[in-house]
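**Q** Below is a structure I'd like to ask you about.
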Amino acid sequence: MRYLTAGESHGKQLTTIIEGIPARMPIVQDDINQSLLRRQGGYGRGKRQQIEKDLVEITGGIRHGYTLGSPISLVINNDDFKHWTDIMGEDPLEENAKIRRVVSNPRPGHADLNGALKYGHRDMRNVLERSSARETAARVAAGAVAKTLLKQLGIEVAGYVKEIGGIRAQEIEGLTMDERISRSQNSPVMVLDKDAEQQMIQEIDKAKNEGDTLGGVCEVYVEGMPAGVGSYVHYDRKLDARLASAVVSINAFKGVEFGIGFDAAKMPGSDVHDEIAWNESKGYHRTSNRLGGFEGGMTSGMPLVIRGVMKPIPTLMKRPLQSVNIETKEAFKATVERSDPCAVPAASVVMEHVVAFELAKAITEQFPSDQFSNLKKAIDEYREEIRCF
Ligand SMILES: Cc1cc2nc3c(=O)[nH]c(=O)nc-3n(C[C@H](O)[C@H](O)[C@H](O)COP(=O)(O)O)c2cc1C
Ligand SMILES: C=C(O[C@@H]1CC(C(=O)O)=C[C@@H](OP(=O)(O)O)[C@H]1O)C(=O)O
């Protein structure tokens, strides 16, 4: 499986093309829309989300509610485009450059300057339009298709917020998967811990009033992955490594950890590793899950626990960062009209979908996947095989 996306933030639309989804898999368009709507929500979003209503149009690869095995193409319109036709529409005339509002002021913390240097764009709108996290809508659409596949194989993926602006959600023992999903989806900041929720809202409001922004940590929790998905034989087949790459590829994500993650550095080995046990009903399992469900680049059969850290949004409303105009070389402060004060809740939805895509990809590589029924049968047989191993 693989996917590509195309489209600019204020252009006409975003397109996703997904290749490798098995044929004859049932799929519901509204499930993709639910994922898109979740990504648009979350406390701390800016004014753009009031303009957009992300709904997917299926333009290829699905017929009468089933996948065909051919590439799936999905389109999401940018409703804001109607306000940007002069700037983003087709207009080759140089004298209209003013109308196109050429961007010569690179914003720190964005792709603007590095992208301009690399591609030679003197109008950095050509960089920022594509490097914008608007593209994550197209990625969520791809991930929603992957989630549909996983769910029908008994694998559930939940994404939620773990930390915002230094406020950390407490771990709640014994939550079921359904509780994780419903708690996060019924929380304005998409967090499982109700006490932390109120504090996070206060911190976001404070940052917003001060014209500042907040980052945080998102967690993705996965149940139902059989042991042995991924591989130890090559660096590029290690599933944890692939997930790390996918998570850091989300805009503004700066790091990843699995299970206890960076805390492992402070602990002795006896407190870090997960001991192996066996019983008739579960087969092999671990008595703890500190390593977050991965050993040797493969799943261990325990729930996957993956966290990603998001830096605070770089566009600051009242505390603009210092930069340099690329035409005049004069210093200026990067002012803006609109930006998200905190997009960590929305980013938790993006991370959930990005993780789902990598898991579905690994599964379809490992098991026969031309037809969905064959994939399902193969996974069921494999689960039984490893239970009796
Ligand atoms: C869901 C989401 C929404 C974002 N919204 C904004 C925003 O409104 N303003 C902004 O300056 N950056 C926003 N960002 C962050 C930028 O896209 C990101 O900092 C930029 O692409 C630079 O990428 P890098 O931090 O990965 O280097 C958002 C990121 C995500 C994931
Ligand atoms: C459009 C989205 O996020 C955008 C991501 C983004 C950025 O720089 O990454 C900047 C903002 O763009 P705008 O200036 O158009 O408001 C966000 O709104 C979205 O998530 O759908």
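**Q** Applying 1/(1 + (r/R0)^6) with R0 = 41 Å to the Cβ-Cβ distance of Gln152 and Asn325, what FRET efficiency is obtained, to the nearest 0.05?
**A** Values: r = 53 Å, r/R0 = 1.30.
Efficiency at R0 = 41 Å is approximately 0.15.
**Q** If you average the alpha carbon positions of region 287-354 and of region 129-175, how far apart do those two centres end up, in angstrom?
**A** 13
**Q** Taking the mean number of other Cβ atoms within 10 Å as a proxy for protection, how do you rank 118-130, 210-222 from highest to lowest?
**A** Working: 118-130: 16.2, 210-222: 22.4.
Order by mean packing, descending: 210-222, 118-130.
**Q** Turning to a different aspect of this structure: Quick check on packing: order 299-308, 13-22 by the mean number of other C-beta atoms within 10 Å, highest mean leading.
**A** Details: 299-308: 23.3, 13-22: 20.0.
Peptide ranking by packing, descending: 299-308, 13-22.
**Q** If you average 1/r over every pair of different alpha-carbon atoms in the chain and take one over that average, what Kirkwood value in Å do you get? Can you show the working numbers first?
**A** On the way: mean 1/r = 0.0448 Å⁻¹.
Mean inverse Cα-Cα distance, inverted, gives 22.3 Å.
**Q** Note down the Stokes-Einstein diffusion coefficient of region 231-272 in µm²/s, whole number, using a Kirkwood radius over alpha carbon pairs, 37 °C, and 0.692 mPa s.
**A** Working: Rh = 12.0 Å.
Approximately 275 µm²/s, per Stokes-Einstein.
**Q** Counting alpha carbon pairs within less than 8 Å and at least 6 residues apart, what relative contact order, in whole percent, applies to the chain?
**A** Working: 795 pairs, mean separation 87.5, N = 389.
With pairs under 8 Å counted, the relative contact order is 23 percent.
**Q** Now a separate question. Give me the dipole magnitude in Debye, nearest 20, for region 243-370 about the Cα centre, with unit charges on the beta carbon: positive for Lys and Arg, negative for Asp and Glu. It would help to have the intermediate numbers written out before the result.
**A** Details: 13 positive and 15 negative charges, 136 e Å.
The calculated dipole for region 243-370 is roughly 660 debye.
Every read-out reported here was derived from the displayed coordinates using simple, explicitly stated rules and does not represent laboratory data. Quantities reported herein were computed from a predicted structural model and do not represent experimental measurements. Virtual Cβ from ideal backbone geometry, glycine too; neighbours counted across all protein chains shown.
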